[in-house]
Structure formats: C-alpha cells, structure tokens
1. Could you please let me know if residue A:31 is at positive phi and within 14 Å of chain B (Cβ to nearest Cβ)?
2. Collect the residues in the range B:35-79 that are more than 16 Å from DNA strand D (Cβ to nearest atom) and within 14 Å of chain A (Cβ to nearest Cβ), keeping them in residue-number order.
3. Hey, does the range B:10-19 have a residue that's away from chain A (no Cβ under 14 Å), more than 9 Å from DNA strand D (Cβ to nearest atom) and either at pLDDT below 95 or surrounded by fewer than 17 Cβ atoms within 10 Å (Cβ to Cβ) (or both)?
4. Checking the structure you have, find out if any residue of the range B:153-165 is under 15 Å from residue A:167 (Cα atoms), at the interface with chain A (Cβ under 7 Å from one of its Cβ atoms) and modelled with pLDDT of 90 or more.
5. List every residue pair whose Cβ atoms sit under 6 Å apart, with the two residues 6 or more apart in sequence or on different chains, where the first one lies in the range B:152-176 and is over 21 Å from residue B:188 (Cα atoms) and the second, anywhere, is among the acidic types (Asp, Glu).
6. Counting only residues that are touching a Phe, Trp or Tyr at 6+ places or on another chain (Cβ under 6 Å) and within 18 Å of residue B:77 (Cβ to Cβ), which one in the range B:168-203 is farthest from the other protein chains (Cβ to nearest Cβ)?
7. With respect to the numbered conditions (1) within 11 Å of DNA strand D (Cβ to nearest atom); (2) charged (D, E, K, R); (3) out of contact with any Pro (no Cβ under 9 Å at 6 or more places or on another chain), which one is the sole condition not fulfilled by residue A:30?
8. Among the aliphatic types (A, V, I, L, M), within 15 Å of DNA strand C (Cβ to nearest atom) and touching a Lys or Arg at 6+ places or on another chain (Cβ under 8 Å), is that true of residue A:46?
There are 2 protein chains.
Amino acid sequence: MPDVTLSRREAKDLTRRRLLASALRILDTEGEAGLSTGNVCRNAGVAQSTFYVHFRNMQDLLRALGEEASRKTGPVVRDARRRSSEAPHDPERLRAAFRVPLEKMCGHPEFFRLSVRARHDPASPLGESARRRSAEIRAQMVEDLVAAGLPADTPQQERRLEMVADGINALTETMAMGHLEGRYPDLEEAIDVLASFLSGIRGQLLADRRPEKGRPDT
Amino acid sequence: MPDVTLSRREAKDLTRRRLLASALRILDTEGEAGLSTGNVCRNAGVAQSTFYVHFRNMQDLLRALGEEASRKTGPVVRDARRRSSEAPHDPERLRAAFRVPLEKMCGHPEFFRLSVRARHDPASPLGESARRRSAEIRAQMVEDLVAAGLPADTPQQERRLEMVADGINALTETMAMGHLEGRYPDLEEAIDVLASFLSGIRGQLLADRRPEKGRPDT
DNA sequence: CAATTCACCGATAGTACTATCGGTGAACTC
DNA sequence: GAGTTCACCGATAGTACTATCGGTGAATTG
C-alpha cells in the first residue's frame, strides 16, 4: 500500500487543485472583487505565500481555471450541436443542442459565470485566453451552421453567420442566466424560445438565398 | 451680468459633473482597473479628498453614472423602439430601433462593458443598480412587443415574451461587442442580423398563435 | 543512512488606495 | 460689513494586497 502517505507530487497537485477550487468558490460567492491571493489561500487552508508555489500571479491562476472549464464542457456541447446539424429537421436533436449547453451552464454556475464575465471583460486577467476560446467556439458553431445548410457563399454571408453564431451563444447564456436567477423556472420553456430564435433566423437566412421571391422580412 | 463668478451651488455642481465626466473618461481609456478616487480627482483637476464632498464612495459615483446614462439614453432608445412597434411592418423603423441602442453602446464602450459585466458579478459596485435597470428595460421591451402584436394571453406566453425581450437585449449587446472588437466593421450589417432575428422570432410566435396549422418550427 | 530536494510556512518590504480631519478663503446671510 | 457657511485643500492614519526571502521538515535519492 503505497498510498498511506501522499507522494510529494501528489500532495502538490492536490494543493493546486484546492487553490483552483477555492478561487472558483470565491468567484461564485464574492465575485471578482473578492479574489485575492490571501483570500484564495485562506479558503484553501494554506499560507498566502504558498500561492506563488503554484502560480506566477492571479492572472496565471485564472487562465488555468478558464482552460479547465473549457476542457470539461467544450467537447460535450460541440457533440450535441453536431448531432443536430446532421439532422437539421429533427426538432428533438435541435432541442438537445440547446439543452446540453444550458444544463452544463446551470449545473456549474461558477464555471459559467466566470466565462461570461471573461467574455465581456477583455481587459481582465483572463482576457487573452478567454477571447481565444470564444473565437474557437464561434468558429465551430459557424461550421455547424454551414453543415446545417445555411448559406456561406460570399464574405458577407460568412460574416453574417459569425454574427448569428455569436447571437445564438449570447441567447443561450441569457436563458441560462434567467434560469439561474429564478425568472425562468422551466428550462424546457427556455429551450422552446431558443429553438424558435434559431428556426426564425434560419428561415430568414434561407429566404435570403432565393431573393427572387421578393422582400421576405416583413 | 451676474455670471462673472459662479455661485457656490453652481460651482459645486460643476465640480460634480467634472468628476462624473472624469470617471467616464477613465473607464473609456484605462478601463475599470484605473478607476480610483485619486485618479478620478486628478483627471478632474481637484484634490483627492474632494471626491468625498460629492460622493460617499466609488460605488456611489458609479451608481450616479449609471443613472445619468440611463436617464440620457433610456428615453431615446425607448422612443425608437416604440416608433417601430407602432409600425411593425416598416423595415426602416425596425432598423432604427436597433441602430439607436447600438450607437449608444458603442459611444462609451468601457462603460457599456462595465454595465454588462456588473450584471454577472454578484459583488460589483454597479451590480444592484445595473440589474434593476436591466429589469426595467426588459419590462419596457415586453410592453413594446405586446404593442407590436405579439401574443401575451397566457402566463406562459408572457414569460416567453420576457425571454424574447432578454434575448433581443443580449443580441444587441453582442453585436455591439463584436463591432467594438472590430469583427463587425459595418454596423448596418449587424442591424441586418438583429432585424432578421426579430423578424424570425416574430414569425415563430405569431404562428404559435394559430396552432391549428400544425408544428411550425422546422 | 546520509545527503539532497522542495512544498510549505511566517515574516515583511513595498505599493496602492480609502476615508477622515482640521484649516482656509470666498460666497452667502442678515 | 460682520458673522456664518461650506466647497475645497493638504496631510495622514488605516487598510488591503502583492510578491519575495530565508527557514523547516518530510519526502526523495543514491
């Protein structure tokens, strides 16, 4: 039994994870303002100076936290969306493509809030890595929209699909926020609305593909 | 000419406005991190301690700033939206209803970002007032959607309109962010997308009003 | 078992900011 | 025009946080 006492490597890794978890807990309860090396370490039960054994500074910790979050939730969400794109007319797959990310967001509100804040805070310590992840998600979603049959023949149409991807993402986050705040108790209703938004914009964009039928937007 | 020297009241009011303008300038240039009583006062040309003649603390200033912004932009935005609701089939009025808030948001990018971020940060100094304003905007937008003919006959439909209002707002903010980040250079294209989103969801909700025609969402 | 490594600790220098206090002179009051 | 008010000022006590340093003991090495 070599596990009675922890090896030095295991012990260090455990402390590191405790620090990350502590930071996450603080972000969720006190917000970004409560995030200091001392506070994080006190919550994790180690000395303040131990912080610098594991991270160069707070920005370094936040970057690690963001990457962990995206590594956990990213692939699952992507998969659900791709399944929906493969069958654009299957309403249940469409709903699943919204349900999966919504449940991820609501299941780990602390991860979710962190990423949303990062998204709207390019000057924060998370800045660079958050922007990179956001761009990645957007590019993937554009791919999926094209796979679902939406037009991307001209640069303008491509840019429009990027806007739509941004929009779908923002809508999903907004519904999750509303649910977390208790205003939308039933997640299925939120999924209804998300599906309506997507179906609506999809109809608009497809109508645009055949402009000979006259103005479609009234 | 009694205005050669300022009255005490006028002078105080002028200083207060200078402090508010200074805070806004700092938010737009240095971001939230540069916001301190000393920095605000130095930029306004007064001593740091003078800050406390006008505001109880930084949160107090930010609250005042938020209220001033909402007092300035609120009615204009609301008016544009109402004009559009009065003529739901006028595409130019619809575009104006999106153009006005977009231009307001892009006018003071850092303040806009701060407000958005504050809603997702439980401990932000702006948090409470930002959430209050957000709820107000949502309620107004629901009114306008009803005025534009969208159904709100059942509690479920009312809740759905709230979700749609939240969504429109999030979409507008997202397009503003994209424009500010330089990804969407042409604001009119963003307006196109917003109009398409609204037309799309509008079609979906109106179709739902007459459910005897079968499932409309594929 | 002796030597070495290193995760963690306590202490602390340094920095930035908040908020208060008594003083000052110009505006105001009567 | 004598007394009062008060917006502003400089100084400063107090607070919070960052980042570094040398010491310590348990794990590791050979």
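The values are calculated or read from the model by the stated rules, or taken from the named source; none is laboratory data. This one's a predicted model, so the numbers in the text were calculated from it and none came from an experiment. Glycine gets a Cβ as well: all are built from the backbone with ideal geometry, and neighbour counts include every protein chain shown.
1. For residue A:31, the condition - at positive phi and within 14 Å of chain B (Cβ to nearest Cβ) - is met.
2. Hit for the range B:35-79 is B:62, nothing else.
3. Looking for residues that are away from chain A (no Cβ under 14 Å), more than 9 Å from DNA strand D (Cβ to nearest atom) and either at pLDDT below 95 or surrounded by fewer than 17 Cβ atoms within 10 Å (Cβ to Cβ) (or both), one finds at least one in the range B:10-19, hence yes.
4. yes
5. Sorted first by the residue in the range B:152-176, then by its partner, the pairs are B:152/B:158.
6. B:191
7. (3)
8. yes
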